[in-house]
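*Asks:* Starting off with a structure, shown below.
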């Protein structure tokens, strides 16, 4: 089920709680059709098995799909113990990155179905950290949740203090894509929402604002807050016209991974946009900096005919949950609606390198 | 950033502070810890989107010798059992070779965590042929005191995670509550309970963390 929706539409409708739930629902229902091929070195049957067709939740993880995939291939496998991993065009896939993020990052031009190869042997332990199935994925999820909690609240207490059964249920709700259960349980972590006047909910029963690492000004409004963000930056050296012209990725060294909180700033009457957020992480790629207040004292021009424009790096594409984002969208809306269940906002970015 | 704009606040440190502290740490180490090679500052300037001042500290190819005698003994026992009919000289030849093969090399990286605003220690071990060592083997190289600490403690443990910059599995030391014990260190070490000065932040941090992996720092560094 491929979804594309007008983000602008949803933002314009000054949301009630119900509207917000719609965007989150779309995110949770988002899925990528996969066509999974058994690696030819592991085909021990003749004829070789056809590929498995699986619908992978965007907010899920590849190892969680193994129980759906394995039945297709179990009769074809050579004897021995399984150590399962996936690759896309030869690139081993990092299993702890949500499936949707992998797709947005590795397929500049979205490939549907997405053709992946599954291996049951020969785990590349020199490049991939080990994965022992669901337990490893769950551990990674809870760890990310703790890190997000620390960023938002200044401590991990709320996650640590969750009862074992609540933690289990929360994880299960994510595994099953059960948004209702997740919505019931997630307030226990008290992560709150970023609010500014550009994302204020009409309803009085809106979730509590963020505490802890957040500064509140005199009027009780959020002034600054730290937002958990994971930024995946893929850079190309040459410009391109179509996304299908973007070269394939051979190694993960071509991606710069930034696991770094964004400092959300609320200024009176000024909207903190997605552009502002990305600029704080990638200052070299945002244009029109001279249009901002002259305090910075930097020598950049915005003259369209300026030659230096070509030598500067350029932000070509920003994708979140499969949506190509317009940078003027209020960052608070993006975070509150498009983050993953562990409270991280994953942003895939394609940039053209500056010419040096 | 911190509310007071301080570089070290509440046991935590800013990115800018980490860069300063790292340089200070590397300098002091070079001056006072002559039994070890110096730490290198690895800047992240090749990744064009990061500011020039970012980087991490690296100390590589440290040979851990503590396991050599132990394994040599084990090997010789095995060797004797296998080669019971052969002469002594053959056993010795095989023994010497095994000792060389048993040298363990370690790389240590001190990396800043923007999420927790504290440093993290990443490390990995490998044998002379470059093959990575498993955590079980590494634990045998650690001082016995830290092994029991690891097993019993809730606050520090080692996990295998991906290195934040190198796309390879490394081991990470997780001292939970780093900022709390750094605060305690600073309170106890100064009369007016002031913050640790940024130049001493990593020295203090390493004085605790380093011990877990068997790296001690001389007292002169703490001044």
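The values are calculated or read from the model by the stated rules, or taken from the named source; none is laboratory data. From a predicted model like this one, the values you see are computed outputs, not experimental measurements. Here Cβ is always computed from backbone atoms with ideal geometry, including for glycine, and neighbour counts include all displayed protein chains.
*Asks:* From (1) within 14 Å of another protein chain (Cβ to nearest Cβ); (2) within 18 Å of residue A:150 (Cβ to Cβ); (3) at pLDDT below 90, pick out the condition that doesn't hold for residue A:282.
*Replies:* With respect to (1) within 14 Å of another protein chain (Cβ to nearest Cβ); (2) within 18 Å of residue A:150 (Cβ to Cβ); (3) at pLDDT below 90, residue A:282 is out only on (2).
*Asks:* Please tell me if residue A:145 is surrounded by 15 or more Cβ atoms within 10 Å (Cβ to Cβ), under 19 Å from the mean Cα position of the chain (by Cα) and within 14 Å of another protein chain (Cβ to nearest Cβ). It would help to see each step written out before you state the result.
*Replies:* Details: surrounded by 15 or more Cβ atoms within 10 Å (Cβ to Cβ): yes; under 19 Å from the mean Cα position of the chain (by Cα): yes; within 14 Å of another protein chain (Cβ to nearest Cβ): yes.
Here the answer is yes, as residue A:145 does meet what is asked.
*Asks:* All but one of (1) surrounded by fewer than 16 Cβ atoms within 10 Å (Cβ to Cβ); (2) more than 29 Å from residue A:346 (Cα to Cα) hold for residue A:73; state the number of the condition that does not hold.
*Replies:* (1)
*Asks:* To continue, here is another question. Considering A:293, A:203, which residue is modelled with pLDDT under 90, in contact with a helix residue (DSSP H, G or I) (Cβ under 7 Å, 6 or more places away or on another chain) and more than 12 Å from chain B (Cβ to nearest Cβ)? Reasoning before the result, please.
*Replies:* On the way: A:293 fails: in contact with a helix residue (DSSP H, G or I) (Cβ under 7 Å, 6 or more places away or on another chain).
Unique residue meeting the criteria: A:203.
*Asks:* Within segment A:259-272, which residues are more than 8 Å from every other protein chain (Cβ to nearest Cβ) and in contact with a strand residue (DSSP E or B) (Cβ under 6 Å, 6 or more places away or on another chain)?
*Replies:* In the first step, residues of segment A:259-272 are kept if they are more than 8 Å from every other protein chain (Cβ to nearest Cβ); the result is A:262, A:264-272.
Answer for segment A:259-272, where residues must be more than 8 Å from every other protein chain (Cβ to nearest Cβ) and in contact with a strand residue (DSSP E or B) (Cβ under 6 Å, 6 or more places away or on another chain): A:262, A:264, A:265, A:266, A:271, A:272.
*Asks:* Touching a strand residue (DSSP E or B) at 6+ places or on another chain (Cβ under 7 Å), closer than 14 Å to residue A:59 by Cβ, more than 11 Å from chain B (Cβ to nearest Cβ) and assigned to a loop (DSSP other than H, G, I, E, B) - does that describe any residue in segment A:159-179? If you could, list the steps in order and put the result at the bottom.
*Replies:* As a first pass, look at segment A:159-179 and keep what is touching a strand residue (DSSP E or B) at 6+ places or on another chain (Cβ under 7 Å): A:177.
Going one step further and asking which of them are closer than 14 Å to residue A:59 by Cβ, we end up with A:177.
Next cut, more than 11 Å from chain B (Cβ to nearest Cβ) only: A:177.
Pick out the ones that are also assigned to a loop (DSSP other than H, G, I, E, B) and you get A:177.
Yes, segment A:159-179 has at least one match.
*Asks:* Which ones in segment A:226-236 are more than 9 Å from chain B (Cβ to nearest Cβ) and at pLDDT below 90?
*Replies:* Once the filter is applied, which keeps residues that are more than 9 Å from chain B (Cβ to nearest Cβ) and at pLDDT below 90, segment A:226-236 yields only A:236.
*Asks:* Determine, yes or no, whether residue A:268 is at pLDDT below 85, surrounded by 14 or more Cβ atoms within 10 Å (Cβ to Cβ) and over 28 Å from residue A:155 (Cα atoms). Can you show your working first?
*Replies:* Values: at pLDDT below 85: yes; surrounded by 14 or more Cβ atoms within 10 Å (Cβ to Cβ): no; over 28 Å from residue A:155 (Cα atoms): yes.
Spelling it out, it is not the case that residue A:268 is at pLDDT below 85, surrounded by 14 or more Cβ atoms within 10 Å (Cβ to Cβ) and over 28 Å from residue A:155 (Cα atoms).
*Asks:* Cβ contacts < 6 Å: first residue crowded, with 20+ Cβ neighbours inside 10 Å, restricted to segment A:182-199; second residue in a loop (DSSP other than H, G, I, E, B) and modelled with pLDDT of 70 or more, any location; separation 6+ or different chain. Result?
*Replies:* Listed by first residue and then by second, the contacts come to A:191/A:343; A:196/A:266.
*Asks:* Restricting to segment B:4-42, give me the number of residues that are exposed (fewer than 14 other Cβ atoms within 10 Å of the Cβ) and at pLDDT below 90.
*Replies:* Qualifying residue count, segment B:4-42: 4.
*Asks:* Can you tell me which residue in segment A:237-258 is farthest from residue A:127 (Cα to Cα), limited to those that are within 14 Å of chain B (Cβ to nearest Cβ) and surrounded by fewer than 17 Cβ atoms within 10 Å (Cβ to Cβ)? Please lay out each step first, then the result.
*Replies:* Step one: list which residues in segment A:237-258 are within 14 Å of chain B (Cβ to nearest Cβ), which gives A:237, A:249-258.
Those still in the list that are surrounded by fewer than 17 Cβ atoms within 10 Å (Cβ to Cβ) too: A:237, A:250-251, A:253-254.
On the way: A:237: 25, A:250: 13, A:251: 10, A:253: 11, A:254: 14 Å.
Only one residue fits best here, namely A:237.
*Asks:* Is there a residue in segment A:92-109 that is within 14 Å of chain B (Cβ to nearest Cβ), part of a loop (DSSP other than H, G, I, E, B) and in contact with a strand residue (DSSP E or B) (Cβ under 6 Å, 6 or more places away or on another chain)?
*Replies:* So far as segment A:92-109 goes, yes, one or more of its residues are within 14 Å of chain B (Cβ to nearest Cβ), part of a loop (DSSP other than H, G, I, E, B) and in contact with a strand residue (DSSP E or B) (Cβ under 6 Å, 6 or more places away or on another chain).
*Asks:* For segment A:110-132, check the following and say yes or no: at least one residue is away from every other protein chain (no Cβ under 12 Å), part of a loop (DSSP other than H, G, I, E, B), without any contact (Cβ under 8 Å) to a residue 12 or more places away in the chain and closer than 28 Å to residue A:323 by Cα.
*Replies:* Yes, the conditions are met somewhere in segment A:110-132.
*Asks:* Return the residues of segment A:335-352 that are assigned to a loop (DSSP other than H, G, I, E, B) and within 13 Å of another protein chain (Cβ to nearest Cβ); say none if nothing qualifies.
*Replies:* Of all residues in segment A:335-352, those assigned to a loop (DSSP other than H, G, I, E, B) come to A:339-344.
Result: A:342, A:343, A:344.
*Asks:* (1) at pLDDT 90 or above; (2) crowded, with 18+ Cβ neighbours inside 10 Å; (3) more than 14 Å from chain B (Cβ to nearest Cβ): which one isn't true of residue A:328, the others all being true?
*Replies:* (2)
*Asks:* Please count how many residues of segment A:162-181 are in contact (Cβ under 8 Å) with a residue 24 or more places away in the chain and farther than 19 Å from residue A:25 by Cα.
*Replies:* Of the residues in that region, 2 qualify.
Listed here are the residues, each with its yes/no results for (1) in contact (Cβ under 8 Å) with a residue 40 or more places away in the chain; (2) under 23 Å from the mean Cα position of the chain (by Cα).
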site: A:22; (1), (2): no, yes
site: A:25; (1), (2): yes, yes
site: A:44; (1), (2): no, no
site: A:47; (1), (2): no, no
site: A:61; (1), (2): yes, yes
site: A:79; (1), (2): no, no
